[in-house]
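Report on one structure; see the data block that follows.
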Amino acid sequence: MAMLSRCLLLTVLISLISTSVSAFEIEEWRVQTSLYTKHWSNNPEHVNNTQLIGIEFVTPKKWIGGFAYFQNSFGQPSEYLYVGYSWDLFHKDWFYFKLTAGLLHGYKDEFKDKIPFNGLGIAPAAVPSFGVRYKRGFAELQILGGAAITITAGLSFGGNKYKKSD
């Protein structure tokens, strides 16, 4: 039942994001998953398999909006709803820096104080990432505060910029 309600929530959030950005042209949709997570500390409670699945959109002006579902550092189902921006690095469109900020939910019970400002069960969060892309594929190194790094990979869909090279 919890998985069904999360899928329903994801569908509603994607619908809301899609309609709320109707003033923007969406250049592409991106789907990604986590490949590797490494925590800085050797806490035996930490889970290094985050099982992240995320979806985001990117506008032609490089604004980003998205949603990620994952297992947090303590194995609890968690969500991150965010907006952000992406900058090309070194004047190349295949290497970029991305910064997202949004709301993080899922740190509960004895772990609720493991993230700052989580008094109501939802906390603000920011995730800087370095990425590389080739055609429709991309990979990112995401910095998760002082706790960990995650490497993700994914695919882009839509957008006119890929039609010539595909």
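What follows is calculated from the coordinates using simple rules that are stated; it is not laboratory data. Every value quoted in this text rests on a predicted model; they were computed, and no experiment measured them. Because the Cβ atoms are built from the backbone with ideal geometry, glycine has one as well, and the counts that use them run over all protein chains shown.
Does region 95-117 contain any residue that is touching a helix residue (DSSP H, G or I) at 6+ places or on another chain (Cβ under 9 Å), of a type outside the set (A, V, I, L, M, F, W, C) and surrounded by fewer than 13 Cβ atoms within 10 Å (Cβ to Cβ)? Within region 95-117, none of the residues are touching a helix residue (DSSP H, G or I) at 6+ places or on another chain (Cβ under 9 Å), of a type outside the set (A, V, I, L, M, F, W, C) and surrounded by fewer than 13 Cβ atoms within 10 Å (Cβ to Cβ). Cβ separations smaller than 6 Å between residues 6+ apart or across chains give the following pairs from region 45-73 residues that are in contact (Cβ under 8 Å) with a residue 24 or more places away in the chain to residues that are of a type in the set (Val, Ile, Thr) and assigned to a loop (DSSP other than H, G, I, E, B): 57/26; 70/50; 71/47; 71/50. Of everything in region 24-65 that's among the basic types (Lys, Arg) and farther than 24 Å from residue 146 by Cα, which residue is nearest to the chain's Cα centre (by Cα)? So, considering only residues that are among the basic types (Lys, Arg) and farther than 24 Å from residue 146 by Cα, the one nearest to the chain's Cα centre (by Cα) is 30. Residues that are touching a residue at least 24 places away in the same chain (Cβ under 8 Å) and among the small types (Gly, Ala, Ser) occur at least once in region 115-128. Among residues of region 91-104 that are under 11 Å from residue 126 (Cα atoms), those with a Cβ under 8 angstrom from a residue that is assigned to a strand (DSSP E or B) and of a type in the set (D, E, K, R), sequence gap 6+ or separate chain, pair up as 98/140; 104/79.
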